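Colleague: Take a look at the following structure, please.
The values are calculated or read from the model by the stated rules, or taken from the named source; none is laboratory data. Note that the coordinates shown come from a computational prediction; the quantities given were computed from them, not determined experimentally. Here the Cβ is made from the backbone with ideal geometry for all residues, glycine too, and neighbour counts use every protein chain on show.
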Amino acid sequence: PCKCILSGQWQNDLGSQVHIFDVEADGSFSGEYRTAVSATQAPIQPALLCGSQQLHGEGQQPTFGFTVNWKSFSDSTTVFVGQCFVDKSGEESLHTMWLLREEVNSGKDDWKATRTGCNVFTRIA
Ligand code: B9F
């Protein structure tokens, strides 16, 4: 069985908060993402996410992925992929990489449409 279940509230190194609702029997889940940062003047609003975590892997530190649709305040989409680690003291952390795709007007702007980065999330009490 997994040592780490993604359900609950997490905060990353930028101060963004993610609330992951119950993980279903097939590993799928949904949740809400509150980003602490935005590269636009538009007010920041919570965004919906949906994703999937491994339940039947060899290890007990499952991999997962989720998609955040920023439609409430922009045309962009971010995907996160990562793994949940549990350290010796039992502290859980989600180590992720993300790709953020911005809507651009044509294929000639494709080169500048994608950003990438890393985020580490820890559980909030
Ligand atoms: O700022 C982004 C945005 C999209 C279109 C206008 C503004 C939306 C929020 C993204 C939040 C990212 C970071 N927060 C976090 O916790 S998701 C990955 C990072 N981790 C300006 C134009 C296109 C992008 C920026 Fe925009």
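Colleague: Would you confirm, using the coordinates I've provided, whether residue 89 is surrounded by 14 or more Cβ atoms within 10 Å (Cβ to Cβ) and under 23 Å from residue 7 (Cα atoms)?
Modeller: No: the conditions fail for residue 89.
Colleague: Any chance region 31-45 includes a residue that's surrounded by fewer than 14 Cβ atoms within 10 Å (Cβ to Cβ), at pLDDT 95 or above and of a type in the set (A, V, I, L, M)?
Modeller: no
Colleague: Hey, another quick one. In this structure, does residue 26 turn out to be without any contact (Cβ under 8 Å) to a residue 60 or more places away in the chain and either away from the ligand (no atom under 14 Å from the Cβ) or closer than 18 Å to residue 122 by Cβ (or both)?
Modeller: So residue 26 passes the test.
Colleague: Can you pull out every residue in region 58-67 that is part of a loop (DSSP other than H, G, I, E, B) and either within 16 Å of the ligand (Cβ to nearest atom) or of a type in the set (S, T, N, Q) (or both)?
Modeller: 60, 61
Colleague: Name every residue in region 69-115 that is within 13 Å of the ligand (Cβ to nearest atom), assigned to a loop (DSSP other than H, G, I, E, B), more than 17 Å from residue 32 (Cβ to Cβ) and touching a residue at least 24 places away in the same chain (Cβ under 8 Å), in order of residue number.
Modeller: 75, 102, 103, listed by residue number.
Colleague: Quick test for you: out of 83, 61, 11, 17, pick the one residue that is closer than 24 Å to residue 125 by Cβ and touching a Ser or Thr at 6+ places or on another chain (Cβ under 6 Å).
Modeller: 83
Colleague: Next up: Looking for whichever is more than 10 Å from the ligand (Cβ to nearest atom), assigned to a loop (DSSP other than H, G, I, E, B) and among the aliphatic types (A, V, I, L, M) here; the options are 14, 55, 48. Which one fits?
Modeller: From the options 14, 55, 48, the qualifying one is 55.
Colleague: Also, quick follow-up: Just checking, how many residues over region 3-30 are surrounded by 15 or more Cβ atoms within 10 Å (Cβ to Cβ) and in contact with an Asp or Glu (Cβ under 8 Å, 6 or more places away or on another chain)?
Modeller: 4
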